[in-house]
Amino acid sequence: MQILYFSWLRERVGEASEEIETQAATPADLITELKTRGGGHAMAFDDISAIRVAVDQQMVELDHPLEGAREVAFFPPMTGG
Amino acid sequence: MSVSVQIEDFDIAAEIEALTAPDQDIGAVVTFSGLVREMTDAGAIQTMELEHYPGMTERALEEIVEQARARWPLNGVRVIHRFGPLAPGDRIVLVIAASRHREAAFEAAAFLMDYLKTKAPFWKKEAGSHGAAWVDAREADDQATTRWEQT
């Protein structure tokens with residue numbers, strides 16, 4: 001599964017993307033797993049309320065099923081316009 | 001093509017002309033353009049870096065345009081959003097809504113901007129003499145989006 005990070009999540013993790021093998025059922029489970037990977041992951045995911053997630057480029061909730069997902073992106077609330 | 005995500009600047013008059021010239025049924029054109037402000041709460045900025053999520057950004061903007069077209073009788077819609085390094089005074093975003101009458105064009109332009117701010121994957125980082133910081137999402141922007149869900 002391809003994991004993408006944007007904005008300060010990318011800076012804290014230290015990578016824009018990473019390819020991982022996971023059995024996580026939801027983005028929330030995936031976050032729990034990623035936090036154990038060391039580096040900046042624990043700091044990046046420290047405040048879960050500040051994190052939004054897209055699965056295969058569609059915004060979803062943190063309890064959305066991950067079955068069949070190819071790409072999961074984590075980022076803070078959007079600030080375009 | 002109604003949606004563009006690009007580094008380059010855009011020409012507002014040329015975009016209006018391209019949208020309206022083929023359709024003489026258009027009686028109203030509302031244009032919104034957003035610029036980089038120099039003064040922020042933290043002080044004056046020198047640069048603003050706009051990051052986005054290639055692929056999802058275009059898809060999200062196209063969905064927002066589809067929703068606007070479903071709500072109002074629009075003859076044309078154009079959305080351009082820039083990314084990359086920008087400076088105070090630079091253009092960031094352009095929304096044009098064209099319709100037979102002004103109400104639909106005004107409302108659709110406001111809707112497009114409100115949705116774009118909270119649903120299109122862009123993130124701003126401002127840098128000045130005080131340092132660099134990611135811009136926080138504003139509660140007022142969430143509320144502006146929510147009001148369209150209640151009407």
* Structure fact -> Of (1) more than 14 Å from chain A (Cβ to nearest Cβ); (2) under 29 Å from residue A:50 (Cβ atoms); (3) among the polar types (S, T, N, Q); (4) buried (at least 20 other Cβ atoms within 10 Å of the Cβ), residue B:46 satisfies every one except (4)
* **So residue B:148, is it surrounded by 15 or more Cβ atoms within 10 Å (Cβ to Cβ), facing chain A (nearest Cβ under 8 Å) and touching a helix residue (DSSP H, G or I) at 6+ places or on another chain (Cβ under 7 Å)** => no
* Asked: Across the range B:83-108, which residue is surrounded by the most Cβ atoms within 10 Å (Cβ to Cβ) among those that are more than 10 Å from every other protein chain (Cβ to nearest Cβ), in contact (Cβ under 8 Å) with a residue 60 or more places away in the chain and closer than 16 Å to residue B:9 by Cβ?
  -> B:96
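How do the strands (runs of 3 or more DSSP E) wholly within the range B:1-94 filter down when requiring 1 or more residues that are touching a strand residue (DSSP E or B) at 6+ places or on another chain (Cβ under 9 Å), at positive phi and not aliphatic (A, V, I, L, M): which remain?
It comes to B:43-52, B:84-86.
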* Breaking point among (1) within 30 Å of residue B:48 (Cβ to Cβ); (2) in a loop (DSSP other than H, G, I, E, B); (3) more than 14 Å from chain B (Cβ to nearest Cβ), for residue A:23 -> (1)
* Structure fact -> Flagged pairs (Cβ under 6 angstrom, 6 or more apart or on separate chains; first in the range B:130-149, closer than 15 Å to residue B:112 by Cβ; second of a type in the set (A, V, I, L, M, F, W, C) and not in a strand (DSSP E or B)) are B:148/B:111
* Within the range B:33-43, considering residues that are within 12 Å of chain A (Cβ to nearest Cβ) and of a type in the set (A, V, I, L, M, F, W, C), the one farthest from residue A:8 (Cα to Cα) -> B:35
* Asked: Given the structure, is residue B:62 closer than 30 Å to residue A:56 by Cα and either more than 10 Å from every other protein chain (Cβ to nearest Cβ) or in contact (Cβ under 8 Å) with a residue 40 or more places away in the chain (or both)?
  -> yes
* Asked: Looking at this structure, is residue B:111 in a helix (DSSP H, G or I) and within 14 Å of chain A (Cβ to nearest Cβ)?
  -> yes
* Asked: Considering only the range A:18-33, how many residues are buried (at least 18 other Cβ atoms within 10 Å of the Cβ) and either over 22 Å from residue A:77 (Cβ atoms) or among the basic types (Lys, Arg) (or both)?
  -> 0
* Asked: In this structure, is residue A:12 surrounded by 16 or more Cβ atoms within 10 Å (Cβ to Cβ) and either under 12 Å from the mean Cα position of the chain (by Cα) or modelled with pLDDT of 95 or more (or both)?
  -> yes
* Do we find that residue B:120 is at the interface with another protein chain (Cβ under 9 Å from one of its Cβ atoms) and touching a helix residue (DSSP H, G or I) at 6+ places or on another chain (Cβ under 7 Å) in this structure? -> yes
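The values are calculated or read from the model by the stated rules, or taken from the named source; none is laboratory data. Just so it is clear, the structure is predicted and the values come from calculations on it, not from any experiment. Note: ideal-geometry Cβ built from the backbone for every residue, glycine included; neighbour counts use all protein chains shown.
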